[in-house]
């Protein structure tokens, strides 16, 4: 049986030239609503590629072979370039408190990288059973002052994991990011029944884990929420306009927007600028200042026009 009508679907996996597309839940006319699709060659997506997470319009559905054809690409909200995933709504930066030991400078860089996508960013601390309760509470307080919601996970207590699951099911499309060896794969295995991604121990020599996940894929958590299973990677900060960096720090952005501070110059970088009115009494200011100076020296950031 073939259906010629056009439907909207979500790309949940990519295989070379093929895409596994899940039919929109509102149009669930078949018990197995996933179809293997190819893009119609005559269709021009304005030189855009199709990625996991993209919404597409597809037709020529063959219910017997489970094949269909992608006709067009729905306008996406955002695109994470590496790994390539579209329409992310939430980023969870995953960091372990021990094994490997928490590195605040590294956490800062992951948070700044995540902020560039312009979505909600949260922080998850793993392996909290390896530290004292006082230390755990101190870390939560620290990162809340940085401007982030914090979830701490303890292998001996499932309460916080259940809270994380409840939260993920309310989000549209979440992704985990963080350095190797912090437990991203273990956490995904707990969240997605039957996933069974392999994990690798933390190297005693380099104090970090090995990347184990290979494919990018979306998994459904509820009728309208997904989580991304991604290859292991260490996210790098791409080139950005130096004037945008203050907006990636909640401590600075909130002062400008909420408190309405007005520096003498509109493009104030809040370092050694004349007439700067920013309250610099926050912990991450040292990271911010180092990033500004380092990126200026190495031309990682651009000044714009």
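Which one of 75, 64 is without any contact (Cβ under 8 Å) to a residue 12 or more places away in the chain and either within 30 Å of residue 146 (Cα to Cα) or part of a loop (DSSP other than H, G, I, E, B) (or both)? Walk me through how you get there before you give the answer.
Values: 64 fails: without any contact (Cβ under 8 Å) to a residue 12 or more places away in the chain.
Just one listed residue meets the conditions, 75.
Scanning segment 201-223 for residues that are modelled with pLDDT under 75 and either surrounded by 14 or more Cβ atoms within 10 Å (Cβ to Cβ) or in contact with a strand residue (DSSP E or B) (Cβ under 6 Å, 6 or more places away or on another chain) (or both) yields 202, 208, 209, 210, 211, 212, 213.
In segment 88-97 there is at least one residue that is farther than 29 Å from residue 11 by Cα and crowded, with 19+ Cβ neighbours inside 10 Å. Would you confirm, using the coordinates I've provided, whether residue 110 is closer than 19 Å to residue 80 by Cβ, surrounded by 20 or more Cβ atoms within 10 Å (Cβ to Cβ), in the same structural domain as residue 170 (by TED's automatic domain parsing) and touching a strand residue (DSSP E or B) at 6+ places or on another chain (Cβ under 6 Å)? In short, yes.
Scanning segment 118-130 for residues that are farther than 19 Å from residue 170 by Cα and crowded, with 20+ Cβ neighbours inside 10 Å returns 125, 126, 127, 128.
Only residues that are under 18 Å from residue 249 (Cα atoms) and assigned to a helix (DSSP H, G or I): list them for segment 140-165, please. Before you say what the answer is, go through the steps one by one.
Here is the first cut: in segment 140-165, the ones under 18 Å from residue 249 (Cα atoms) are 140-150.
If the condition is that a residue be under 18 Å from residue 249 (Cα atoms) and assigned to a helix (DSSP H, G or I), then 140, 141, 142, 143, 144, 145, 146 are the ones that fit.
For segment 224-240, check the following and say yes or no: at least one residue is at pLDDT below 95, assigned to a helix (DSSP H, G or I) and over 22 Å from residue 53 (Cβ atoms). No, because not a single residue in segment 224-240 is at pLDDT below 95, assigned to a helix (DSSP H, G or I) and over 22 Å from residue 53 (Cβ atoms). Within segment 57-80, the set of residues being within 12 Å of residue 22 (Cα to Cα) and surrounded by fewer than 17 Cβ atoms within 10 Å (Cβ to Cβ) comprises 57, 66, 67. Residue selection: residue 105 satisfies the criterion of being surrounded by fewer than 17 Cβ atoms within 10 Å (Cβ to Cβ), assigned by TED's automatic domain parsing to the domain that holds residue 151 and at pLDDT below 95.
Restricted to segment 131-163, and to residues there that are closer than 17 Å to residue 188 by Cα and within 23 Å of the chain's Cα centre (by Cα), the residue that is surrounded by the most Cβ atoms within 10 Å (Cβ to Cβ) is 153.
The values are calculated or read from the model by the stated rules, or taken from the named source; none is laboratory data. Computed from a prediction, not measured in an experiment: that's the story for all the values here. As a convention, Cβ positions derive from the backbone with ideal geometry for all residues, glycine included, and neighbour counts pool all protein chains shown.
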